[in-house]
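Asks: A single structure is presented below for examination.
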Amino acid sequence: MATYSTNQFKNGLKIIMDNDPCSITENIMVKPGKGQAFNRVKMKNLKTGRVLERTFKSTESVEAADVDEMNVEYLYSDGEYWHFMDPTSFEQYAADAVAVGDTAKWIKGQEVCVMTLWNSSPISIAAPNFVELAVAQTDPGLKGDTAQGATKPATLETGSEVKVPLFINEGDVLKIDTRTGEYVSRA
Amino acid sequence: MVENGWQSSASNEILLERALMLKNIRAFFDERGVLEVETPLLSQYSTTDPHLGSLQSRFRDQPCYLNTSPEYAMKRLLAGWKKPIYQICKAFRDDELGPGHNPEFTMLEWYQPDYDAGELMAELAELVTGLWQLAQSKEAESIDYQSTLTPLISLLHTVQFDSLSYQQAFIDVVGINPHKATSAECYQAAKSNNIDIPQGLGLTDELDDWLDWLLTQLVIPAFKKDRFTFMYDYPTSQCALAKITKNEQQVPVAKRFELFFGEIELANGFHELTDANEQLQRFKKENKARIKAGLDCGHIDENFIAALRSGLPECSGVAVGLDRLLMVLAKAAHIEQVISFPWGKA
């Protein structure tokens with residue numbers, strides 16, 4: 001079992017905390033001049049995205065997390081699993097609903113996503129920052145309604161709903177920011 | 001590294017303030033007849049303190065170490081000469097890096113024969129007061145009085161010092177007597193004060209580890225902001241190089257003191273231990289603690305022990321972290337703002 005000592009802690013280091021893989025985001029030394037040193041550490045749980053804060057007595061060791069990140073192309077979903085492929089090795093990976101999370105709302109196929117693997121299993125999938133998706137359903141905008149910033153709901157081809165300007169019609173392809181879930185422009 | 005990464009991380013104003021601080025410190029000691037000395041930064045001997053790490057170098061085939069403080073060499077001068085001396089030098093400590101730590105830092109250290117801890121605390125307060133008032137008046141000068149009604153008097157703060165014993169600080173804030181507490185009581189105190197228990201800190205750990213944790217999480221944060229605080233009379237287990245005497249309650253305490261500004265630790269001083277045998281025993285005990293913690297054994301400075309045997313005068317000494325003091329004077333939040341080329345740029 002690989003371990004890291006607190007004096008190896010730095011941002012981005014992957015460790016196991018509460019049985020989950022975490023990435024260190026902040027590491028501050030707390031030390032009285034002539035006394036015991038401690039590390040106050042902030043880390044992000046790579047499965048849930050939650051941030052946790054822990055302190056360690058210095059020289060304490062923690063288990064290293066075997067975590068990799070890679071670019072993969074989304075192939076299809078069979079309803080239970082979402083299937084991705086490493087475009088260089090053609091190796092395929094199946095991610096469950098927990099790993100895919102909200103990303104499922106924004107991908108329809110062929111998008112390049114960032115997959116995080118822990119012990120070679122996918123634990124999270126990040127959608128590209130911007131995706132292009134067609135409008136499956138939206139009510140026609142009212143003629144003459146020129147109010148600035150007025151919006152209406154639209155359902156995209158992946159089933160997710162976004163707020164769009166009134167001039168958008170069914171079949172239009174839209175650019176969406178997946179980080180905010182907001183309409184950007186017509187593609 | 002970014003394109004302008006070669007530049008100093010301290011602003012020109014702060015570099016100027018550093019020069020002024022050094023000039024005024026030298027003037028302060030010159031006026032008092034305290035002599036400036038220089039001692040080696042590179043030594044054959046390394047620290048035995050289990051909480052410090054010496055950086056190692058090499059001369060030809062011989063390992064050597066950068067000093068973690070000039071204390072032993074300065075006491076050797078003092079044993080031979082018995083005059084008040086001071087030094088401004090660099091000190092080096094492995095694995096110390098953060099908002100208030102740089103592995104190479106500037107230390108002011110001085111010794112006054114025949115002073116007890118209280119007398120040296122008073123002299124330190126005088127030095128700091130002078131530097132503080134000067135920094136405040138410079139700040140006041142830079143204000144345009146045509147456009148503000150702020151009276152000058154409110155800017156020239158009188159310098160306030162709080163002073164309390166280690167025991168009183170713990171009783172007030174944590175609710176335990178540090179000279180009588182156990183690790184289990186410290187654990188309970190941490191729980192009842194709702195502070196995190198660090199991973200790796202257990203009930204079988206040394207009491208001092210627990211006291212250090214409570215100190216950094218509860219005691220020091222309770223010190224008043226924008227004010228200097230002296231804390232004195234430490235537990236005997238944290239005596240380092242200080243004499244041990246009894247306090248008013250007849251409890252043995254280490255004649256050690258520290259100065260803080262808000263939560264920033266600025267200085268550490270001792271009424272110095274002069275007993276060579278006692279000092280050697282303490283070094284050996286520290287080395288045992290190092291071995292237990294899986295660290296290298298420190299190389300005990302035999303010349304220092306020999307100097308104590310020949311006779312160190314009764315004296316007090318104090319070390320001041322000048323980078324930290326400059327942070328306070330210049331109101332800087334990170335040590336990198338006051339050092340021209342901190343670690344990472346060095």
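The values are calculated or read from the model by the stated rules, or taken from the named source; none is laboratory data. Keep in mind the model is a prediction, meaning the values are calculated, not measured. Heads up, the Cβs are rebuilt from the backbone with ideal geometry, glycines too, and the neighbour counts pull from every protein chain shown. To get the accessible areas, we keep the full protein, side chains included, count just its heavy atoms, and leave off ligands, DNA and RNA. Shrake-Rupley method; radii C 1.70, N 1.55, O 1.52, S 1.80 Å.
Asks: Given the residues A:VAL98, A:VAL72, which is the only one that is at pLDDT 95 or above, over 26 Å from B:GLY202 (Cβ atoms) and more than 14 Å from chain B (Cβ to nearest Cβ)? Write out each step before concluding.
Replies: Values: A:VAL98 fails: at pLDDT 95 or above.
So the residue among A:VAL98, A:VAL72 that is at pLDDT 95 or above, over 26 Å from B:GLY202 (Cβ atoms) and more than 14 Å from chain B (Cβ to nearest Cβ) is A:VAL72.
Asks: Show me the strands (runs of 3 or more DSSP E) found entirely inside the range A:27-82 where at least 2 residues are in contact with a His (Cβ under 7 Å, 6 or more places away or on another chain).
Replies: Working: elements: A:38-45, A:51-57, A:61-63, A:67-77.
Filter on the range A:27-82 gives A:67-77.
Asks: For the range A:83-114, name all the residues that are in contact (Cβ under 8 Å) with a residue 24 or more places away in the chain and in a strand (DSSP E or B).
Replies: Hits for the range A:83-114 are A:PHE84, A:TYR93, A:ALA94, A:ALA95, A:VAL112, A:CYS113, A:VAL114.
Asks: Would you confirm whether or not the range B:232-251 contains a residue that is more than 23 Å from B:LEU312 (Cβ to Cβ) and in a strand (DSSP E or B)?
Replies: no
Asks: Looking only at the range A:21-55, how many residues end up being hydroxyl-bearing (Ser, Thr, Tyr) and open to solvent by less than 40 Å² (accessible area, probe 1.4 Å)? Spell out the reasoning first.
Replies: Restricting attention to the range A:21-55, the residues satisfying the condition of being hydroxyl-bearing (Ser, Thr, Tyr) are A:23, A:25, A:48, A:55.
Then drop every residue that is not open to solvent by less than 40 Å² (accessible area, probe 1.4 Å), which leaves A:23, A:55.
Adding up the residues that qualify gives 2.
Asks: When you scan the range B:5-14, do you find a residue that is open to solvent by less than 20 Å² (accessible area, probe 1.4 Å) and in contact with a strand residue (DSSP E or B) (Cβ under 8 Å, 6 or more places away or on another chain), even just one?
Replies: No, the conditions are met nowhere in the range B:5-14.
Condition check ((1) under 23 Å from A:HIS83 (Cα atoms); (2) of a type in the set (A, V, I, L, M, F, W, C)) across all residues:
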residue: A:ILE123; (1), (2): yes, yes
residue: A:LEU133; (1), (2): yes, yes
residue: A:ASP139; (1), (2): no, no
residue: A:ALA150; (1), (2): no, yes
residue: A:THR155; (1), (2): no, no
residue: A:ILE168; (1), (2): no, yes
residue: A:LYS175; (1), (2): no, no
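Asks: Consider the range B:257-291. How many of its residues are assigned to a strand (DSSP E or B) and farther than 18 Å from B:LEU78 by Cβ? Even if it seems obvious, please write down each step before you answer.
Replies: From the range B:257-291, those assigned to a strand (DSSP E or B) are B:257-261, B:264-272; that's our starting set.
Filter once more, keeping what is farther than 18 Å from B:LEU78 by Cβ: B:257-261, B:264-267.
The number of residues fulfilling the criteria is 9.
Asks: From the list B:ALA319, B:ALA307, B:ALA293, pick out the single residue that is buried (at least 20 other Cβ atoms within 10 Å of the Cβ), small (Gly, Ala, Ser) and within 14 Å of chain A (Cβ to nearest Cβ). Before you say what the answer is, go through the steps one by one.
Replies: Working: B:ALA307 fails: within 14 Å of chain A (Cβ to nearest Cβ); B:ALA293 fails: buried (at least 20 other Cβ atoms within 10 Å of the Cβ).
Going through B:ALA319, B:ALA307, B:ALA293 in turn, the sole match is B:ALA319.
Asks: Being modelled with pLDDT of 90 or more, away from every other protein chain (no Cβ under 14 Å), touching an Asp or Glu at 6+ places or on another chain (Cβ under 9 Å) and buried (at least 19 other Cβ atoms within 10 Å of the Cβ) narrows it down to one of A:TRP82, A:TRP106, so name that one.
Replies: Numbers: A:TRP106 fails: touching an Asp or Glu at 6+ places or on another chain (Cβ under 9 Å).
From the options A:TRP82, A:TRP106, the qualifying one is A:TRP82.
Asks: Can you tell me which condition B:TYR166 does not meet? The list is (1) modelled with pLDDT of 95 or more; (2) among the aromatic types (Phe, Trp, Tyr); (3) over 17 Å from the mean Cα position of the chain (by Cα), and all the others hold.
Replies: (3)
Asks: Please count how many residues of the range B:57-98 are within 16 Å of B:GLY311 (Cα to Cα) and more than 14 Å from every other protein chain (Cβ to nearest Cβ). Give the derivation first.
Replies: To start, the set of residues in the range B:57-98 that are within 16 Å of B:GLY311 (Cα to Cα) comprises B:71-84.
Those left that are additionally more than 14 Å from every other protein chain (Cβ to nearest Cβ): B:72-84.
Adding up the residues that qualify gives 13.
Asks: Kindly evaluate B:ASN277 against the criterion of being open to solvent by 80 Å² or more (accessible area, probe 1.4 Å), farther than 17 Å from B:TYR45 by Cα and either of a type outside the set (Ser, Thr, Tyr) or within 14 Å of another protein chain (Cβ to nearest Cβ) (or both).
Replies: Details: open to solvent by 80 Å² or more (accessible area, probe 1.4 Å): yes; farther than 17 Å from B:TYR45 by Cα: yes; either of a type outside the set (Ser, Thr, Tyr) or within 14 Å of another protein chain (Cβ to nearest Cβ) (or both): yes.
Here the answer is yes, as B:ASN277 does meet what is asked.
Asks: Considering the range B:163-215 alone, what residues qualify as being more than 14 Å from chain A (Cβ to nearest Cβ) and among the hydrophobic types (A, V, I, L, M, F, W, C)?
Replies: B:LEU164, B:ILE171, B:VAL173, B:VAL174, B:ILE176, B:ALA181, B:ALA184, B:ALA189
Asks: To continue, here is another question. When the residues of the range A:151-185 are narrowed to those that are loosely packed, with under 15 Cβ neighbours inside 10 Å and basic (Lys, Arg), which ends up nearest to A:VAL114 (Cα to Cα)?
Replies: A:ARG179
Asks: While we're here: Which of the residues that make up the range B:103-119 are part of a helix (DSSP H, G or I) and either among the charged types (D, E, K, R) or surrounded by 22 or more Cβ atoms within 10 Å (Cβ to Cβ) (or both)?
Replies: Taking the range B:103-119 and keeping what is part of a helix (DSSP H, G or I), we get B:117-119.
Selection gives B:ALA117, B:GLU119.
Asks: Right, something else. Give the number of residues within the range B:264-305 that are free of Cβ contacts under 8 Å to residues at least 24 places away in the same chain and either closer than 30 Å to B:PHE161 by Cα or of a type in the set (A, V, I, L, M) (or both).
Replies: Number satisfying all stated conditions: 1.
Asks: Let me ask you something else. Quick one: which residue in A:SER124, A:SER58, A:SER77 is more than 14 Å from every other protein chain (Cβ to nearest Cβ), polar (S, T, N, Q), buried (at least 20 other Cβ atoms within 10 Å of the Cβ) and at negative phi? Quick ask: steps written out before the conclusion?
Replies: Working: A:SER58 fails: more than 14 Å from every other protein chain (Cβ to nearest Cβ); A:SER77 fails: buried (at least 20 other Cβ atoms within 10 Å of the Cβ).
None of the other options fit; the residue is A:SER124.
Asks: If B:LEU308 satisfies all but one of (1) under 30 Å from B:LEU164 (Cβ atoms); (2) touching a helix residue (DSSP H, G or I) at 6+ places or on another chain (Cβ under 7 Å), what's the number of the condition it fails?
Replies: With respect to (1) under 30 Å from B:LEU164 (Cβ atoms); (2) touching a helix residue (DSSP H, G or I) at 6+ places or on another chain (Cβ under 7 Å), B:LEU308 is out only on (1).
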